[in-house]
Amino acid sequence: MIFNPFKSLRFRVFLMVFFTGLVSCLVIHFAIIESYENRAVSVRESEVSTQLMILANHLINYNYFSDTTSDVINAELDLIANLYDGRVMVIDNNLQIRKDTYGISDGKIIISEEVVKCLKNGTAGASTVYDRNNGYIEMTAPITETLTFESGDVAAGEKSQDVVRGVLLISVSTEYIRNTMNILTRRAVSIELIAVILILVSAWWGSGKLLRPFDRITSAINDVKAGFTNEPIEGSQYYETEHIINAFNQLLQRMNALDASRQEFVSNVSHELKTPITSMKVLADSLIMQDDVPNEVYRDFMEDIAAEVDRENQIINDLLELVKMDKKATSLNITTVDVVQMMEVIMKRMRPIARKRNIELTLETTREISAEIDEVKLSLALMNLVENAVKYNKEDGWVKVKLDADHKSFTCEVSDSGIGIPEDSLDKIYQRFYRVDKSRSREIGGTGLGLSITHSAILMHRGTIDVQSIEDEGTIFTVTIPLKYMQSQE
Ligand SMILES: Nc1ncnc2c1ncn2[C@@H]1O[C@H](COP(=O)(O)OP(=O)(O)OP(=O)(O)O)[C@@H](O)[C@H]1O
Ligand SMILES: [Mg+2]
C-alpha cells in the first residue's frame, strides 16, 4: 500500500495549524512594514510641504523672480535640497525653470502636468506623488503673492487677491525610508523564521497530542480483537471519541451476548443429542448383559430404541429447519396462498393426536383470506402452535383456532384450555431449547425448538406473535401477518 499523507488526519491537522500560523505571520509582517512606510512617507510629506510654504513666502519677499541671484535664497534652496537629499526647482509662470539646485536645467522650459495644474489652481492644484519604485516623493507648491487693492479698484469690493507667480517643484529621496524598511524586514524575517520553526514543532506535537485518544481507542480495539480482553473500553477525552467508544462497546456487548448464546446453544444441542443416545446405549447394554433374553423383551427394547432414533431424528430435523430460517428472507418462497385452506390442512393433521386425549379441536373463520406467504414455513409455524396447544392440554380439553383479517393483515389466534405458562417464562419460550417444565416436556416429547422455529418464520414474514397465558387455565397465542409480502431492505 502506498502511503498517502493526506489520508492521515494528523497530517491534515498539522498542515492546517502550520499554514494558519504561517499566513498570520506573513499578514502581520506585511501589515507592519506597510503601515510603517505609509506613516514615514506622510510625515515626510507634511514636513516638506511646510518647508515649501515657508520657502515660497521667502521667494516672494525677496522678489526672487526679478533677481535670482539672491544669496540668501539660493543658500536656502541648496540647504533644503541637501536636507532632503533631493532637488528643488523654482519655476516661473511662463514654465521657465529659474533655478535648479542640480544646476542642469536652469533657463529651460518645463512641461509637466503637475506644474501646469499648480500654476493654474494655486494651493488647490498642489500635488504630491510618491514613486515607490524609484524611491522619491515629488511635490509641487505654488508661489503665491497676495496683492492688496484700495477699496473700489476692483469690482465687488474685493480687497486682496492671490496671484500665482510660480511653482516650487521638489523631489525628495525616500532612500532612508527604504533603508529602515530593509532593516525592519531583515529583523522581522529572522523573528519569523524562529516563529515558523516554533509553529512547525508545536503543530506537529499538537496534532499528535490532539489525535492521541484515537490511537488509544485503536489499541484498545486491537486488544479486544487479539482476545486479551472482552471488557468495554473506558475513558474518553472528546465527545467524538466518546461516540466511537460507545458504539464499539455496544458492538462488544452484542458480540459477547451472541457468543454466550452460541455457547449455550452448542451445549444444549449436544445435551439434547446425547440424551437419546444414552438411552439407546442403556437399552442395548442391558440386552447384551442378559443371557437367553425372551423374544418379547428383545422386541420391546428394540421398539424403545427405534423410538429414541425417531426422537434423535426429530431433533436433527428441527435444528436443520432453524438453520434454514437463519438464512434470512432470501430463502422465502412467496406465493399467494388461501390461508383458510392451509389452516384446514393443519387441523386435519392434528386431529388424530387431539382425539387420543379427547381434546376438541375447532376452526373459526369469518371470511376468505388470501395472503402472500411462504406456505411451507408459515404452515409449520402455525402447526407448532396448534401442536403445543394440544400437547400442553388436559384430558377432555379444547383448542380453538380463529382466523380473521382486515385490509392489511390477517390474524390467527390459537387458544387452549391447557396447563398455561408461568408469567416469568413468557419471555423465554421463544428461545431455542427452552421448556418450562423440562421433565414433563420431555415426557411429552418436546425439545423446546418448536416455538423458536415459529418465531423465526413469523419474523421472516414481518409479522408479530403475542402470547397471553394463565396457569392452569389456558394460553392464547396471537399471530399477525401482513397480507402483502414486503421485501426487506437488506
Ligand atoms: N400452549 C401452551 N401451553 C402451555 N405451555 C406451552 C404452550 N406452548 C408452549 N408451551 C411451553 O413452552 C415450551 C416451549 O415450546 P416449544 O414448542 O418451543 O417446545 P416443545 O413443545 O417443548 O418442543 P418441540 O415443539 O420442539 O417439540 C414448552 O416446552 C412448554 O413448556
Ligand atoms: Mg412445541
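Within the range 32-63, the set of residues being open to solvent by less than 60 Å² (accessible area, probe 1.4 Å) and either modelled with pLDDT under 90 or among the hydrophobic types (A, V, I, L, M, F, W, C) (or both) comprises 33, 40, 41, 43, 48, 52, 55, 56, 59, 60.
Reported count of residues in the range 177-188, each being in contact (Cβ under 8 Å) with a residue 40 or more places away in the chain and open to solvent by 30 Å² or more (accessible area, probe 1.4 Å), is 5.
Note on the range 453-471: residues that are at pLDDT 90 or above and within 10 Å of ligand 1 (Cβ to nearest atom) total 5. Each residue in the range 345-399 was checked for being closer than 23 Å to residue 463 by Cβ, open to solvent by 80 Å² or more (accessible area, probe 1.4 Å) and polar (S, T, N, Q), and 1 pass.
From the list 419, 470, 481, 476, exactly one residue is within 15 Å of ligand 2 (Cβ to nearest atom) and either more than 46 Å from the chain's Cα centre (by Cα) or surrounded by 14 or more Cβ atoms within 10 Å (Cβ to Cβ) (or both). Which is it?
Details: 470 fails: within 15 Å of ligand 2 (Cβ to nearest atom); 481 fails: within 15 Å of ligand 2 (Cβ to nearest atom); 476 fails: within 15 Å of ligand 2 (Cβ to nearest atom).
Just one listed residue meets the conditions, 419.
Quick one: would you say residue 322 is open to solvent by less than 70 Å² (accessible area, probe 1.4 Å) and outside the structural domain of residue 467 (by TED's automatic domain parsing)?
Values: open to solvent by less than 70 Å² (accessible area, probe 1.4 Å): yes; outside the structural domain of residue 467 (by TED's automatic domain parsing): yes.
Criteria met by residue 322.
The values are calculated or read from the model by the stated rules, or taken from the named source; none is laboratory data. None of these values were measured; they are calculated from a predicted model. All Cβ positions, glycine included, derive from the backbone under ideal geometry; neighbour counts span all protein chains shown. The protein model used for the area step is the full one, side chains on, heavy atoms only, and it has no ligands, DNA or RNA in it. Shrake-Rupley method; radii C 1.70, N 1.55, O 1.52, S 1.80 Å.
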